[in-house]
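Just so it is clear, none of the values below were taken in a lab; they were calculated from the coordinates. This one's a predicted model, so the numbers in the text were calculated from it and none came from an experiment. All Cβ positions, glycine included, derive from the backbone under ideal geometry; neighbour counts span all protein chains shown.
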Amino acid sequence: MTATIGASIFLFVCLPEPWNYLMIFNIFLLIASLIWYEVPGAKKLAARSTKLKVKDLDILAKRMGVNAEIYVVDLQNLGAFQVGAKGKYVFLTKKLVKTLKKEELMGVVAHEFAHIKLRHVLKKVLLFDVVIGTGVNMAIIVPIMNFSLDVNAMRALFLWGAILLYILLRHVIWQYFEYRADCYAIEFVDKEHLISALMKINSMLYSANFIEKGRVHPIIKRRVAKIKNCGGYG
């Protein structure tokens with residue numbers, strides 16, 4: 001990391017404008033992407049959590065071709081998430097583990113394993129790099145282009161265009177990944193167990209006046225409808 005930062009400073013000093021700004025932005029974009037990819041905080045979170053050792057979950061991981069450790073986080077909300085593009089960690093909240101039956105929990109874990117197997121985190125990183133990276137790069141090199149429009153206006157167009165496009169694609173693609181992970185998961189677990197888990201989570205969220213609308217994840221009832229049309233095991 002020190003060598004990369006040193007190289008970026010050297011290139012910034014040596015290269016003429018706008019290539020020096022272009023180079024330093026892309027180097028720091030690479031660093032940010034690697035941090036997102038690896039998620040160094042995941043190891044610390046795992047150290048503060050309780051490792052969940054269940055034979056059936058180990059068998060499920062092998063069947064799905066996933067090498068991941070499962071940890072229980074001491075949080076009193078219903079949640080499960082997979083961390084890092086390499087997918088080494090899956091975290092479940094304590095309340096989720098207490099709430100769901102073993103078969104339902106396996107359905108939820110299979111969904112997280114599916115994210116790992118389908119490399120969804122890596123694809124999210126690439127989406128950010130391509131869309132935001134292209135927008136900023138174009139904004140930086142605007143001065144050397146032969147545009148008849150004002151340079152500042154063109155910069156704003158590229159930057160805001162990239163941000164708005166990313167927000168739109170992020171919403172659509174994140175939801176698609178959730179549906180895709182559900183459909184992949186039920187190739188290895190009974191779909192009724194995953195549906196049961198989601199409906200139980202749904203009822204508890206709404207009993208706590210939690211509104212799902214506007215979240216990146218699809219509404220649970222919509223996920224259940226999709227699962228029923230997926231086929232899969234059971």
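Details
- Using the Cα coordinates of region 39-228, the gyration tensor eigenvalues translate into equivalent-ellipsoid semi-axes of 38, 19, 15 Å, sorted from longest to shortest.
- Here the contact order of region 39-228, divided by its residue count and restricted to Cα pairs under 8 Å and six or more residues apart, works out to 20 percent.
- Pairs from Lys98/Lys200; Lys55/Lys191; Lys53/Lys228 whose Cα-Cα separation, in the structure shown, is over 18 Å: Lys55/Lys191; Lys53/Lys228
- Under 14 Å, Cβ to Cβ, from Leu169 - net charge with Lys/Arg +1 and Asp/Glu -1: +2
- The convex hull built on the alpha-carbon positions of region 133-194 has an orientation-averaged projected area of 5.5 nm².
- With R₀ fixed at 30 Å, the C-beta to C-beta distance from Ile219 to Leu30 puts the FRET efficiency at about 0.25.
- Panel order for Lys124, Lys62, by other beta carbons found within 10 Å of each beta carbon, from fewest to most: Lys62, Lys124.
- For region 39-115, the C-alpha radius of gyration sits at 1.00 times the compact-globule guess of 2.2 N^0.38 Å, with N the residue count.
- Between region 124-186 and region 38-115, the alpha-carbon center distance in angstrom: 31
- At R0 = 35 Å, FRET efficiency that the Cβ-Cβ distance of Ile163 and Asn67 yields, to 0.05: 0.45
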